[in-house]
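Contents: one structure, followed by commentary.
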Amino acid sequence: MAEYDTETVVHEEMTLRNDAKMTARDVSVFYGQKQAVRSVSIDVDSHYVTAFIGPSGCGKSTFLRCFNRMNDTIDIARVEGDIDLDGRDIYDPKMDVVQLRARVGMVFQKPNPFPKSIYENIAYGPRIHGLAESKTDMDRIVETSLQRAGLWNEVKDRLDESGTALSGGQQQRLCIARAIAVDPEVILMDEPCSALDPIATAKVEELIDELQGRYAIVIVTHNMQQAARVSQRTAFFHLGHLVEYGPTDEIFTNPKADRTRDYITGRFG
Amino acid sequence: MTDPSSPSDTGETLPERTPTEWHSNAMQRRIRRRYARERRFRFFGLAALVLAAGFLAFLLFTIVSDGWRGFQRAEVAVEVTYVEDELTAESGSLARADYRTLLRRDLREQFGTERVASEGAWLRLRERMEENPGLLGQTERVWVVASPEVDLMAKGDVDFTLPAERRVVDDEMVEDYRDLRESDRVRLAFNSGFLSRADSTSSELAGVWGALIGSILTILVTLAISFPIGVMTAVYLEEYAPKNRITDIIEVSINNLAAVPSIIFGLLGLAVFLNFFGMPRSAPLVGGLTLALMTLPVIVIAARVALQSVPPSIKDAALGVGASRLQVISHHVLPVALPGILTGTIIGVSRALGETAPLLLIGMRAFVSDIPEGVTQPATVLPVQIFLWSDEVGRGFIEKTSAAIMVLLAVLLSMNALAIYLRNKFERRW
């Protein structure tokens, strides 16, 4: 492979500001001795869908998991640098991780509903955070969350059935509804469609479109068409570096970095 | 292709490969050999299974064929007159009445000997009086427990054709028994005492209930100690403890502990609980604590395996909606791991239930003729009872031993059934 520049190319529109919803500055992640993410700085805005793309093992998922401190659960992972949510450092020891994860929700690669009823899947988050005053309150949260996830009409008659009995696509939308139920500000999606068939994928993408504007959404995907379809901003990662960050249409039509161009045209990846 | 003359790398044409002869004799032979090997392998597997099933069937057959008679006892019909003066002659009160002398007199009058009834036969008279005090002064026919000799003859264990000196019963007894048979005053009945009494020196009065209660009390102590400690240990090791040398050493130690012979735990219990803490000897409390030490590593290992098999995606999901670590464990990990933990626990406890050696060391082999009422009272347990009876010289204890084994097996089987039921009930499908 040709030698590439390790400088990050940031498009003009994306110049780093400090008033973005979430800001990452010089973030590096180490797994033991191995460095998975190399000094990445990026802004995540509300109202937009930001896509992280890049070949397997480029560190995009690892980086995503820094935004709600999911890397804390891995013993050997170590995060350096600053990540702020509304200007507050989320790695501050005084930061309550439980609250952070409520504000920054997450949808995982494989649909992972709890082995409980559909209702319980949605109600669990609001319950542990005390978001519902009464049973009717909770019913309302469950209904609106499922409606926003576009799942209400399919499951309203069988809320008592196990969430694991749904189809893969429905399970993933259930997981999105579960994330929405705690009323987060940011939703992180880690390759949410990689385990789904094309029809289910289309439904989830549609859903992401509808959620855009209400929540800041960050989606990791290795499917470039998907990034082009659902996102307004795209960040291209390679070997732990952030190579290029810009508006999605520009990244795909007129990439500035050589590596981005090579990846998008299918030269490697 | 290490041959230097091989042209493969240089792009020259490779030598033609001869086409495989699928129908050649050599090939056919190879296929036949393969099938023969397969058949042989399957035959050995089947043979092993049949052998194992045969052993099991033989074991069950010998136990049941000996043991079912332990659930039966011979009874002798006696006409008893509850004469108040005689009952109260010695003690002066009906509460401590002397049924023994009364029964002896009636037996002598009707059979010419006391030896047809058991030494404890008078207990039946007391029961009758307690049931119905109005019997005082009345006469009734009572079926009382027969003596061991009559018991043997009634069950057909005595070969009457043998000369008297080689029989367990003398000629006189045989005559008495024949008289009983002719007058229809002997019968075989369900041995209710076997399931309601404790140990006794006379086989016809010995029961398994005391040992069963002792076993239950011991196991309850074992469970109460080892289940919470074992599960908490496993949760800590799996969910909280850092993975380093110290936890590695702890893990190896727990695995080793599970393999330590049980008698070592008995010595430990003797030294710690009896000698150091001065707890009561022969008590289910000490037995339970000792068995808890033995069961603990088994539960820890089973619980760790169950916890490890909880899919990490569930933990991620719960963490992702903002559950704290405790909430993740108590709401998601433990419920999913519960069937595995319960199965492991019941297997560990079943093993403890069948354990004899460590209990012998802490004094549970004592002869206990009372049914224990608490964990600090002297008691024995089923396997120790079996061990004690198998050592007895009295002929009647042979069938008692087998019958007690049947009771122990029934308890173990029902515990395993419970384990399967719990596993199916709590198991969730993915």
Taking Cα centroids, how far is region A:126-174 from region B:396-430 in Å?
43 Å
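Tell me the trypsin sites (Lys or Arg not before Pro) within region B:70-112 that lie in a loop according to DSSP and have at most 14 other beta-carbon atoms within 10 Å. Each step should come with its number before you reach the end.
Values: sites: B:Arg73, B:Arg96, B:Arg100, B:Arg104, B:Arg105, B:Arg108; in loops: B:Arg96.
Passing sites in region B:70-112 are B:Arg96.
Among B:Asp316, A:Asp43, A:Asp157, rank each residue by its count of other Cβ atoms within 10 Å, from fewest to most, as a rough exposure measure. Please report the intermediate quantities before stating the final value.
Details: B:Asp316 19, A:Asp43 23, A:Asp157 8.
Ascending Cβ contact count within 10 Å gives the list A:Asp157, B:Asp316, A:Asp43.
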In nm, what is the difference between 0.36 nm times the number of residues separating B:Ser324 and B:Arg33 and their Cα-Cα distance?
98.6 nm
Distant-in-sequence amide H partners of A:Val243 (H built 1.01 Å from N, under 5 Å):
A:Phe236, A:Phe237, A:His238
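Would you list B:Trp122, B:Trp209 from fewest to most Cβ contacts within 10 Å? Write down the numbers at each step before the final one.
On the way: B:Trp122 22, B:Trp209 16.
Ascending number of Cβ neighbours within 10 Å: B:Trp209, B:Trp122.
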Theoretical gain in end-to-end length, B:Trp22 to B:Asn275 [0.36 nm per residue, Cα-Cα removed]
83.2 nm
Quick one: of the DSSP bridges fully inside region A:9-264, what percent are antiparallel, nearest 5?
55 percent
Would you grab the residues whose amide H sits under 5 Å from the one on B:Ser147? Only those 5+ places off in sequence or on another chain, please, with H modelled 1.01 Å from N.
B:Ala117, B:Ser118
Hey, which lysines would be in cross-link range of B:Lys400, C-alpha to C-alpha under 20 Å, not counting anything within fewer than 8 residues on its own chain?
B:Lys155
For region B:244-314, run through the chymotrypsin sites (Phe, Trp or Tyr not before Pro) and keep only the ones in DSSP coil with at most 16 other Cβ atoms within 10 Å of their Cβ.
B:Phe277
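Can you tell me the relative contact order of chain B? Whole percent, Cα pairs under 8 Å, sequence separation 6 or more.
So the answer I get is 18 percent.
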So the angle from the long Cα axis of helix B:284-308 to the longest Cα principal axis of chain B, reported in degrees to the nearest 10, equals 20 degrees
Write out the chymotrypsin sites (Phe, Trp or Tyr not before Pro) in region A:98-151 meeting two conditions: DSSP loop, and at most 15 other Cβ atoms within 10 Å of their Cβ.
none
Normalised by the number of residues in region B:273-366, what is the relative contact order in percent for Cα pairs under 8 Å and 6+ residues apart?
45 percent
Give the aspartates and glutamates reachable from B:Lys425 as a straight Cα distance under 20 Å; neighbours fewer than 8 places away on the same chain don't count.
A:Glu120, A:Asp160, A:Glu161
Over region B:71-195, the quotient of the Cα radius of gyration and 2.2 N^0.38 Å is 1.12
Antiparallel DSSP beta bridges within the protein assembly as shown, as percent of all bridges there, nearest 5:
65 percent
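Once you have the Kirkwood Rh of the protein assembly as shown from its Cα pairs, apply Stokes-Einstein at 4 °C and 1.567 mPa s and quote D in µm²/s.
39 µm²/s
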Apply the Karplus curve 6.51 cos²θ - 1.76 cosθ + 1.60, θ = phi - 60°, to the phi angles in region B:131-143 and return the couplings in whole Hz, x for Gly and Pro.
5, 9, x, x, 6, 4, x, 8, 10, 8, 8, 10, 8
If B:Trp68, B:Trp143 are placed from fewest to most neighbouring beta carbons inside 10 Å, the sequence is B:Trp68, B:Trp143
Label-point separation, B:Asp248 to B:Arg166 (7 Å along Cα→Cβ), nm
7.1 nm
Which entries of A:Lys94/A:Lys203; A:Lys21/A:Lys116; A:Lys110/A:Lys156; A:Lys34/A:Lys116; A:Lys110/B:Lys243 have Cα-Cα distances beyond 29 Å here?
A:Lys94/A:Lys203; A:Lys21/A:Lys116; A:Lys34/A:Lys116
Starting at the first residue of region B:151-164, write each ³J(HN,Hα) from the Karplus equation 6.51 cos²θ - 1.76 cosθ + 1.60 with θ = phi - 60°, in whole Hz, x for Gly and Pro.
3, 4, 5, 5, 8, x, 8, 10, 8, 5, 6, 6, x, 3
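All of the numbers you see were taken from the coordinates with simple rules; none came from a lab. Just so you know, these numbers come straight off a predicted model, no measurement behind them. Cβ: placed from backbone, ideal geometry, glycine included. Neighbour counts: every protein chain shown.
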